[in-house]
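Step one of this worksheet: look at the structure below.
We did not get these values from a lab; they are worked out from the coordinates using the rules stated. The structure displayed is predicted, hence computed values, not measured ones. Note that each Cβ is placed from the backbone with ideal geometry, even for glycine, and that neighbours are counted across all protein chains shown.
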Amino acid sequence: MEEYRGKRVLVVGLARSGTAAAEVLARHGAQVVATDARSEIAFVPEVQTLSDLGVELVLGEHPLSLLNGIDFIVVSPGVPDTIPLLAEADRRHIPVIGELELAGRLYRGPYVAITGSNGKTTTTSWVGRALREAGLPSVVAGNIGVPLSRAVADLAPGTWVVAEVSSFQLVRTERFHPRISAVLNLSEDHLDRHGSFAAYRAAKARVFANQGPEDFLVLNADDGPTRSLADLAKSRVLFFSRRQPLSEGAWVEEGRLVLGWQGKREILCRVEELGIPGVHNLENALATALLACAAGAEITTITHVLKSFTGVEHRCEYVATIEGVRYVNDSKGTNPDAAIKALEAFPPPIVLIAGGRDKGTDLAGLVEVIKARCRAVVLLGEAVPKFRQALRAGGFTAVHEVESLNAAVRLARTLARPGDTVLLSPACASFDMFANYEERGRAFKAAVAELGRESA
C-alpha cells in the first residue's frame, strides 16, 4: 500500500464498491476525492465515515475540475464509461481503473474469480463453503456483497479470495490475475451498457486475460459462446458439462456427477442428492466441484458440500407455502435467461412476477417458456410496455399489470391455485423501484410474510 501514500486519487461513484475503495485508500495515506452524482448520498453512514477520514466529498455533480492534479481514478462498476468526467479523463490520459483492479493491486491473491451471465452468486457461495469446510483460509467477496477492496485490505498472505465478478468490474481491469477463474455461461445481458453481445463477451473474457499456463480456467462445454473462449486462453482449460461425458473436468454420467482430475475419475454424488434443485444448479454444482478441486479441496469435502449447500438468498429462495401455494424469491434473476432457468426449476403451473428496468435484452425465449409453464404473469416497473408487447406477440394473454411489488404479490395470490408456485423472477434490473435486487427480494419476502399472517 505504500505505493498509494500521498497519491491524489479520485473515486467516482459512492455505492458499496466506491465507498470501500475510498475508505481503504484514505486509511493507507492517499489523498482521496470522492464524487457521486447524487446529493442525498451525503446522509448515508458510510459516506459520512469517509468525511471523518478526511476524504473530500463532491456530491450532486461531477465537475471536470475534479481532474486537476489527480494521479489516477477509481471508478465504481455502476458508473457508465460515457459520463463526461471519464471521457475527459481519457482525453487527458489520466489512468482509470475499477475497484476490482484496485483490489488486485492491494492483494495479489490467490483469487478464484467467477463470472458469467447467471449462477455467479450461487457458485461463488458454494465454492466459498467448500474451501471453508476444507480448512483452506478463504473469504468470499466481490459482486456478491462485501466489496473486494475492503475484503482484501488486511488479509493474511495465502488466503484464497473467492470473488464474484461482473462485466462492469472486469471492463476496467489491467493486471488483475486470478489463480483460478470461471465463465459459467454467456447470454444477452447489460446490452444497454456494453452496446453489443460481442463487447459484453469481451468484458467477461478479461477474467482470464492475465492468466498463464500455471493457472486454471473453468468453462461451460454446453454453452457455445462460453466454450469458444478456450481459444483465447493461455491457462489450463477445464470444462464442465451436464450433457456429455468428458475425459477431464466435471460432467454428468448415468445420473451421477463425475470429476475427472489428474488422470483419476471420482464419483461425487447422484444428481438428486444435490442440495438445491434445477438444471442450472446442476451446472453450478459441476463448476463448483472443479473450482474447489483446483484450489485444493479434498473430494470427500466437495461431495459433502454439494449435498449440504441449500442455496443463497434471492436466488430461487423458498419463502413460504400459503394456502397450498409455494412462494419463491428469485430477485437475483435480473435477465431473461436467469428467469428461464428459474421457471424451469419448478413444476408448472407458475404465476410469474416480472418487470423492472429493461437491460436491452430479447424476451422471445422467455415468452416461449412462459407459455409452456405459467398460469399467469404479473408485470410491474418501467419494462411493462416491452413485456406486454412481447407476450401479446407470443400469444400469451393471461397478463396483469400493477403499480407496486406488494400489489403484485396480492394479485398473484388470487391468481394461483393450490399446488402452484408464485415466482418473483423479474428478468430485469431493480433500479427503477429499488436500490438493488436485495432490497427488491426483501420487499417480496415481507409482502409474502404479510399474506401468511393474514392467513393464519
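When each of LEU50, LEU64, LEU155 is scored by the number of other beta-carbon atoms lying within 10 Å, the sequence from fewest to most is LEU64, LEU155, LEU50. Along the range 419-428 the Karplus relation, 6.51 cos²θ - 1.76 cosθ + 1.60 evaluated at θ = phi - 60°, assigns HN-Hα couplings of x, 7, 10, 9, 10, 8, 9, x, 6, 8 Hz to successive residues, with x for each Gly and Pro. Grab the beta carbon distance between GLU174 and GLU61, set R0 = 25 Å, and tell me the FRET efficiency rounded to 0.05. Between GLU174 and GLU61 the formula returns 0.35. Computed 3J(HN,Hα) for the range 156-162, one whole-Hz value per residue from the Karplus formula 6.51 cos²θ - 1.76 cosθ + 1.60 where θ = phi - 60°, is 5, x, x, 6, 6, 10, 8, glycine and proline marked x.
I need GLU101, GLU56, GLU40 ordered by Cβ neighbour count within 10 Å, fewest first.
On the way: GLU101 23, GLU56 16, GLU40 10.
Fewest-to-most ranking of GLU101, GLU56, GLU40: GLU40, GLU56, GLU101.
For the range 101-308, the square roots of the Cα gyration tensor eigenvalues, ordered a ≥ b ≥ c, give a/c of at least 1.5 with a/b no greater than b/c, which places it in the oblate category. Cross-link reach is defined here as a Cα-Cα straight distance under 15 Å, omitting same-chain residues fewer than 8 places apart; for LYS234 the aspartates and glutamates meeting it are GLU214, ASP215. Remark: relative contact order (the chain) = 11 percent; criterion is Cα-Cα distance under 8 angstrom and separation of 6 or more residues.
Please compute the length gained on full extension between LYS371 and GLU454, using 0.36 nm multiplied by the number of residues separating them and subtracting their Cα-Cα distance. Intermediate results must be reported in sequence, preceding the final value.
Details: separation 83, 0.36 × 83 = 29.88 nm, distance 3.14 nm.
Roughly 26.7 nm would be gained on extension.
What shape does the range 317-455 take by its C-alpha gyration tensor, where a ≥ b ≥ c are the square roots of the eigenvalues and a/c under 1.5 counts as rounded, a/b above b/c as prolate, and the rest as oblate?
Values: a/c = 1.61, a/b = 1.22, b/c = 1.32.
Oblate.
Can you spot the lysines whose alpha carbon is less than 24 Å from LYS445's alpha carbon? Ignore those fewer than 8 places along the same chain. Answer for LYS445, where 24 Å is the Cα cut-off: LYS120, LYS332, LYS341, listed by chain and number. Computed across the range 2-94, the Kirkwood radius stands at 13.0 Å (inverse of mean 1/r, all Cα pairs). Think of each Lys and Arg Cβ as +1 and each Asp and Glu Cβ as -1; about the Cα centre, that makes the dipole of the chain roughly 580 debye.
Taking other Cβ atoms within 10 Å as a rough exposure proxy, ARG453, ARG326 sort from fewest to most as ARG453, ARG326. With contributions of -39500 (n - 2.57) from each DSSP H run of at least four residues, the per-residue ellipticity at 222 nm computed over the chain stands at -10000 deg cm²/dmol. A simple spin-label model places the labels of ASP90 and GLU438 3.1 nm from each other, with each point 7 Å out along Cα-to-Cβ.
Given the convex hull over the Cα atoms of the range 36-177, what projected area results after averaging over all orientations, in nm²? Mind dumping the intermediate values first?
Numbers: hull surface 38.7 nm².
Average projection, Cα convex hull of the range 36-177: 9.7 nm².
Amide H contacts under 5 Å for VAL325: GLY419, restricted to partners 5 or more places along the chain or on a different chain, H placed in the peptide plane at 1.01 Å from N. Close amide H contacts of CYS316 (hydrogens built in the peptide plane, cut-off under 5 Å, sequence separation of 5 or more or a different chain): ASP330, SER331, LYS332.
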